[in-house]
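Peer 1: One structure, pasted below without further comment.
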Amino acid sequence: MDNNVSVDMRTYGDDRGTYYAESRRCVINLNQHESLDDVLQTIQHELLHFCFDNLGETVTMDEDQEERLIFCIQWANESI
């Protein structure tokens, strides 16, 4: 399996970021962020979607479960 992913930045868009499994591409909409740290968090979020997508049949999650797991991963340091 190809392990490459691309990240594209845009200055327009209605959401913070999107991962497109078909093209293995993350699109980050800069206009929806307040700081560089915020942008980096969104990149990490979308790359986690890519990682889970690469797990294939190993793990089965619906969209809600995947979003919740990403939230927990990103906030884990704050919880410890």
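Readers should treat all values here as calculations from the given coordinates under stated rules, not as data from a laboratory. If you're wondering where the values come from, they're calculated on a predicted model, not measured in any experiment. All Cβ positions, even for glycine, are placed from backbone atoms using ideal geometry, and neighbour counts span all protein chains on display.
Peer 1: Would you point out the residue of the stretch 1-15, among those that are part of a loop (DSSP other than H, G, I, E, B) and acidic (Asp, Glu), that is farthest from Asp64 (Cα to Cα)?
Peer 2: Asp2
Peer 1: Also: Select from the stretch 16-69 the residues that are without any contact (Cβ under 8 Å) to a residue 12 or more places away in the chain, of a type in the set (S, T, N, Q) and not in a loop (DSSP other than H, G, I, E, B) and list them in ascending order.
Peer 2: Thr58, Gln65
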